[in-house]
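Remarks on the structure that follows.
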Amino acid sequence: MGFLSKLFGPQSREEENMTTEKLNIGIILGSTRQGRVSPQVGEWVKGIADKRGDANYEIVDIADFNLPFLGTTDGSEPGIADWNGKLASLDGFVFIVAEYNHSITGALKNALDFAREAWNNKAAGIVSYGSTGGARAAEHLRGICGELLIADVRVHPTLSLFTDFENGTQFKPQDLHLDNVNAMLDQVIAWSGALKSLR
């Protein structure tokens, strides 16, 4: 009998399934512009994550959902329901964040605003990039996460347009980021599993 079982008694079958079932983590591409580099960064994070084998990781590209600007339509576009359904199927997130004018992209903010309960009581990590590593965009995103009841983890890989990209377009990350990505994923998995019990 494990330590927790001694403290709290044996687990029910439902609780056992929650602790052994793999979590589903979405790697959300936060830019939709032509020529964006977020797909390169997202695939790099997914490659690192898949080697871990501790969760089901998938790329979630907000561009695929064709979301209108919030408040400009009647909300009946199928992409809105599909977006909410995709988010509801996930236990946690890794946001791939580009910095635009010291903040996140309008496309990411719009996508965040198009859901509510589907975000709640889940964890998220942030991987940002920009001239200062995207740090200012990440800080703005943390405030939004708090409002949406997303628990953002502390470890935050920051990628520089000057040292991690060739000519600002070809992603060539420095080796030092590998440890940070894995540490961030450790926290996302731990928090996502813990928060699952609240949903």
*In the set His102, His156, which member is open to solvent by 10 Å² or more (accessible area, probe 1.4 Å) and over 26 Å from Gly193 (Cβ atoms)?*
His102
_Residues satisfying the stated conditions in the stretch 100-130, i.e. part of a loop (DSSP other than H, G, I, E, B), in contact (Cβ under 8 Å) with a residue 12 or more places away in the chain and either among the polar types (S, T, N, Q) or over 28 Å from Glu77 (Cα atoms) (or both)_ = His102, Thr105, Asn120, Asn121
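So in the stretch 131-152, with the set limited to residues that are part of a strand (DSSP E or B) and not charged (D, E, K, R), which one is surrounded by the fewest Cβ atoms within 10 Å (Cβ to Cβ)?
Within the stretch 131-152, the match that is surrounded by the fewest Cβ atoms within 10 Å (Cβ to Cβ) is Ala151.
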*Residue check: is Gly133 in contact (Cβ under 8 Å) with a residue 12 or more places away in the chain and not acidic (Asp, Glu)?*
yes
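Quick one: in the stretch 77-87, which of the residues that are part of a helix (DSSP H, G or I) and more than 13 Å from the chain's Cα centre (by Cα) is surrounded by the most Cβ atoms within 10 Å (Cβ to Cβ)?
Among them, the one singled out is Trp83.
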*Which residue, of Lys22, Lys6, is over 16 Å from the mean Cα position of the chain (by Cα) and modelled with pLDDT of 95 or more?*
Lys22
_Cross-chain or 6+ apart pairs with Cβ under 6 Å, the stretch 73-92 first and within 19 Å of Ala151 (Cα to Cα) and polar (S, T, N, Q), then surrounded by 14 or more Cβ atoms within 10 Å (Cβ to Cβ) and modelled with pLDDT of 95 or more_ = Asn84/Ala115; Asn84/Ala118
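The values are calculated or read from the model by the stated rules, or taken from the named source; none is laboratory data. From a predicted model like this one, the values you see are computed outputs, not experimental measurements. Because the Cβ atoms are built from the backbone with ideal geometry, glycine has one as well, and the counts that use them run over all protein chains shown. Accessible surface is based on the protein model in full, side chains and every heavy atom, while ligands, DNA and RNA are left aside. Shrake-Rupley method; radii C 1.70, N 1.55, O 1.52, S 1.80 Å.
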